[in-house]
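Colleague: Pasting a structure below so you can have a look.
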Amino acid sequence: MYRNVPTGVGSHRRDLTLSAMALRRVLEHGARWAVQEGFGRREDLDVVEEGGCLPGADPDRVSDRACERGHTQLGTLGSGNHFAELQYVAEVYDARVAAAFGLFKDQVTIMIHSGSRGLGHQVCQEHLREMVDASRRHGIELPDRQLCCAPIRSPEGRAYLAAMAAAANFAFANRQVMGHWVRESVASALGVAPDRTGITVVYDVCHNIAKFETFTVKGRTRELCVHRKGATRAYPPGHPQTPAAYREVGQPVLIPGDMGRYSYVLVGTERALGETFGSACHGAGRRMSRSQAKRSARGRSLLDEMHARGVEVMAAGMATVAEEMPEAYKDVADVVRVVDAAGLARRVAQLRPIGVIKG
Amino acid sequence: MSYLFLDHTGDIAVRVTAASLDRLFEEAAAALAATIVDAAAVRTDRRLDVTLEAPAPDLLLVDWLNELVYRFETDLWLAGRAEARVWQAGEVWQLEAKTFGEPLDEARHRVKVLIKGVTYHQLAIQETAEGIETVVVFDI
C-alpha cells in the first residue's frame, strides 16, 4: 500500500498523469470518471455520497493555477491528518446494521482519509480572496476575514459553488483511484487477482462541503444549503439519499480517530435529520497543538511505541507522525459516545488500526 | 526583524515583526520557508521574481505568501530569502520581490509539513513601538 499509494511532497505515480482534457472530465464527473477509466468497479459508486459526482460542477470556474496544482496529484494521499489505514473490526455494537454494511468482528478493513489536494486548496484560496471583496460589496460585516462570504445566489456565490463542486469531484476521483490501488496492493500481497480480494466499499463521504439538500423545517419542505465543516452526513433509514443497499438501516457514518487507538462506524438517525440537518461530527478533534505534540514527541521513538501497540506506521515525514500521535487527539470513543447518546448517530462498529500510512 | 511560531491547535501561526513593510514581507517569506523545511539548508544562489498587487497591504501579504505556496507546490521552489519592495500606487498596493532559493532537493531538505494555503484569520498589520507586526496563520 505504501508503495502503491503516493505520499509526500511531489510524489505521484508515473502511470497516472492527467492531460488538461482528462482533468476537465475528472472535475465534471468525479469518481464516475475513475470507474470509467478502470479504477474500481461500477458498484462502488452505489455507496459513494451523490454517486461520487456533485452536480453543478463547472471546470471553467477552476483556475489554471488550481489545475496546475492538481494535475499530478490525482491518486495521492496528501499530508497533515490525511491517512490510509489497515484496520480490523474490534467491536460490533449492532450486529444487524454491521451485517448490512458488510462488517463483522475481526474482519480486516481499510480506511482512507484524503480530499481534493492542492487543487481544492487553490480553489479555496482564490475564492476566499474574491469573497473578501464580495463581503464588502454586499455590506456584510465580518468578525474575521477568514469568514468572508457572499449570498449563495449572488454571482460570487454561484461561481464558488460551481468551483467547489468541481474540487469535490476531484476528491471523489482521488479516493476512488487510491481505493483501486489499495485493492491491487492487497491482491499482490495475497497473490490473488485484483477482483478476488473480497474488498467492497462500505461508504465514501465528504466532511467539508456545502450542498443543497431538502429538509422539513417547521412543517415546510425546503431546499437548504448545508455546510458540513468538520462534519459528515448522517442520513437515516428510508431517506431517498441513503444508498439503496442501506435504505433499511441508514447511512454509514465514518468517524476516524487517531492512528493508535480506534475509529468508528456509526449509522445515521431520524433525529439527526431534525436536529443537525442530517449531520454528525467527522472526527475526534485535536487536544494538543501541533507544536505541543512535537515537543511531547521529542526524544521518543513514536514508531517503536506504535509497534508496541500493534500498529505499524509508514510515513513520508516523521514530523507529521509526531504532530499526529495518538495523545495529540481527544479520545474519539468519548466523542462517539456523546454522538450516540445525543441520538445523532448510533454506534455500529469499532475499527482498530494495524498499519498506518501517513503523508 | 524576526518571526516566532505560536501555539495553535489545528494550524500553524507565526508572529512576524519588522522595521518596515518591505522587511515584514521578507521576514514572512522566511517564516514560510522555515515552516516547510529547515531554512538553513536552503541554498539561495538562484532567483525567482514575483510581482503582485492588491487593494490593501495585509491582503497583499496573504497573496505574496500564497504565491510562494503555489510556487513550492508546482515547481518545488523554496524561497530561502527574499528582497521585497512594497508601495502604494493610487488605489492599489504593489509588491516587487526577488526570491532567492532553489528547488526542493530531498537529499538535503526534509519536508516538515505541507502548507495548503495562507488564511485571513485575524489578519492585521499593526504598528508597534519597534516597527510593525503581524500574525499569519498557515492552513496545513
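Colleague: Can you pull out the residues in the range A:278-293 that are within 12 Å of another protein chain (Cβ to nearest Cβ) and assigned to a loop (DSSP other than H, G, I, E, B)?
Modeller: Scanning the range A:278-293 gives A:Gly283, A:Gly285, A:Arg287, A:Met288, A:Ser289.
Colleague: Pairs, please: C-beta under 8 Å, at least 6 apart or cross-chain, first residue over 22 Å from A:Arg298 (Cα atoms) and more than 14 Å from chain B (Cβ to nearest Cβ) and in the range A:318-336, second buried (at least 21 other Cβ atoms within 10 Å of the Cβ) and basic (Lys, Arg)?
Modeller: Close Cβ pairs satisfying both conditions: A:Val336/A:Arg347.
Colleague: Can you tell me which residue within the range B:68-114, out of those that are polar (S, T, N, Q) and surrounded by 14 or more Cβ atoms within 10 Å (Cβ to Cβ), is nearest to A:Lys294 (Cα to Cα)?
Modeller: If we take residues in the range B:68-114 being polar (S, T, N, Q) and surrounded by 14 or more Cβ atoms within 10 Å (Cβ to Cβ), then B:Thr74 is nearest to A:Lys294 (Cα to Cα).
Every residue, every condition in (1) under 15 Å from A:Ser63 (Cβ atoms); (2) in contact (Cβ under 8 Å) with a residue 60 or more places away in the chain; (3) outside the structural domain of A:Gly40 (by TED's automatic domain parsing), yes or no:
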| residue | (1), (2), (3) |
| --- | --- |
| A:His121 | yes, no, no |
| A:Ala134 | no, no, no |
| A:Pro143 | no, no, no |
| A:Cys149 | no, no, no |
| A:Ala166 | yes, yes, no |
| A:Trp181 | no, yes, no |
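Colleague: Considering only residues that are in a strand (DSSP E or B), more than 13 Å from chain A (Cβ to nearest Cβ) and within 19 Å of B:Val42 (Cα to Cα), which ones fall in the range B:86-110?
Modeller: B:Ala97, B:Lys98, B:Thr99, B:Phe100, B:Gly101, B:Glu102
Colleague: Among the residues of the range A:111-168, count how many are at positive phi and assigned to a loop (DSSP other than H, G, I, E, B).
Modeller: 1
Colleague: Determine which single condition A:Met1 fails, assuming it passes every other condition in (1) part of a loop (DSSP other than H, G, I, E, B); (2) modelled with pLDDT of 95 or more; (3) within 25 Å of A:Val265 (Cβ to Cβ).
Modeller: All conditions are met except number (2).
Colleague: Within the bounds of the range B:114-123, is there any residue that is under 15 Å from the mean Cα position of the chain (by Cα), within 14 Å of another protein chain (Cβ to nearest Cβ), charged (D, E, K, R) and assigned to a strand (DSSP E or B)?
Modeller: no
Colleague: Then there's this: Among the residues that make up the range A:64-73, is at least one of them away from chain B (no Cβ under 14 Å) and either under 20 Å from A:Asp44 (Cβ atoms) or out of contact with any strand residue (DSSP E or B) (no Cβ under 9 Å at 6 or more places or on another chain) (or both)?
Modeller: no
Okay, residues lined up against (1) surrounded by fewer than 19 Cβ atoms within 10 Å (Cβ to Cβ); (2) modelled with pLDDT of 95 or more:
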residue	(1), (2)
A:Ile255	no, yes
A:Met259	no, no
A:Tyr262	no, yes
A:Val267	no, yes
A:Glu270	yes, yes
A:Gly274	yes, no
A:Gly283	no, no
A:Ala293	no, no
A:Ala297	no, no
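Colleague: Starting from residues that are surrounded by fewer than 16 Cβ atoms within 10 Å (Cβ to Cβ) and among the small types (Gly, Ala, Ser), keep the ones in the range A:10-49 and report whichever is modelled with the lowest pLDDT.
Modeller: Across the range A:10-49, the extreme among qualifying residues is A:Ser11.
Colleague: State whether the residues of the range A:147-155 include one that is among the aliphatic types (A, V, I, L, M), under 27 Å from the mean Cα position of the chain (by Cα) and surrounded by 19 or more Cβ atoms within 10 Å (Cβ to Cβ).
Modeller: Yes, the range A:147-155 has at least one match.
Colleague: Restricting attention to the range A:177-211, which residues are more than 14 Å from the chain's Cα centre (by Cα) and of a type in the set (D, E, K, R)?
Modeller: The answer is A:Arg183, A:Glu184, A:Asp195, A:Arg196, A:Lys211.
Colleague: Exactly one of these conditions fails for A:Ala272: (1) part of a helix (DSSP H, G or I); (2) more than 14 Å from chain B (Cβ to nearest Cβ); (3) more than 20 Å from the chain's Cα centre (by Cα). Give me its number.
Modeller: So A:Ala272 meets the others, but not (3).
Colleague: Hey, can you tell me all the residues within the range B:1-42 that are among the hydrophobic types (A, V, I, L, M, F, W, C) and assigned to a strand (DSSP E or B)?
Modeller: Of everything in the range B:1-42, those that are among the hydrophobic types (A, V, I, L, M, F, W, C) and assigned to a strand (DSSP E or B) turn out to be B:Leu4, B:Phe5, B:Leu6, B:Ile12, B:Ala13, B:Val14, B:Val16, B:Ala18.
To keep it simple, each residue is scored yes or no on (1) surrounded by fewer than 21 Cβ atoms within 10 Å (Cβ to Cβ); (2) not in a helix (DSSP H, G or I).
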{"position": "A:Leu303", "(1), (2)": "yes, no"}
{"position": "A:Gly310", "(1), (2)": "yes, yes"}
{"position": "A:Met314", "(1), (2)": "yes, yes"}
{"position": "A:Val339", "(1), (2)": "no, no"}
{"position": "A:Leu351", "(1), (2)": "no, yes"}
{"position": "A:Ile354", "(1), (2)": "yes, yes"}
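Colleague: Then there is this: Give the residue, chosen from B:Asp7, B:Asp22, B:Asp38, that is more than 11 Å from the chain's Cα centre (by Cα), within 14 Å of another protein chain (Cβ to nearest Cβ) and touching a residue at least 60 places away in the same chain (Cβ under 8 Å).
Modeller: B:Asp38
Colleague: Name the residues in the range B:43-85 that are in a loop (DSSP other than H, G, I, E, B), farther than 19 Å from A:Met131 by Cβ and either away from chain A (no Cβ under 14 Å) or small (Gly, Ala, Ser) (or both), would you?
Modeller: Answer for the range B:43-85, where residues must be in a loop (DSSP other than H, G, I, E, B), farther than 19 Å from A:Met131 by Cβ and either away from chain A (no Cβ under 14 Å) or small (Gly, Ala, Ser) (or both): B:Arg43, B:Thr44, B:Asp45.
Colleague: Anything in the range A:241-273 that is hydroxyl-bearing (Ser, Thr, Tyr) and in contact with a helix residue (DSSP H, G or I) (Cβ under 9 Å, 6 or more places away or on another chain)? List them, or say none.
Modeller: Across the range A:241-273, the qualifying residues are A:Tyr246, A:Tyr262, A:Ser263, A:Tyr264.
Colleague: While we're on this one: Filtering the range A:169-217 down to residues that are in a strand (DSSP E or B) and acidic (Asp, Glu), which residue is nearest to A:Leu86 (Cα to Cα)?
Modeller: A:Asp204
The values are calculated or read from the model by the stated rules, or taken from the named source; none is laboratory data. All figures in this text were calculated on a predicted structure; none of them were measured in a lab. Don't worry about glycine lacking a Cβ; one is built from the backbone with ideal geometry, like all the others, and counts go over all protein chains shown.
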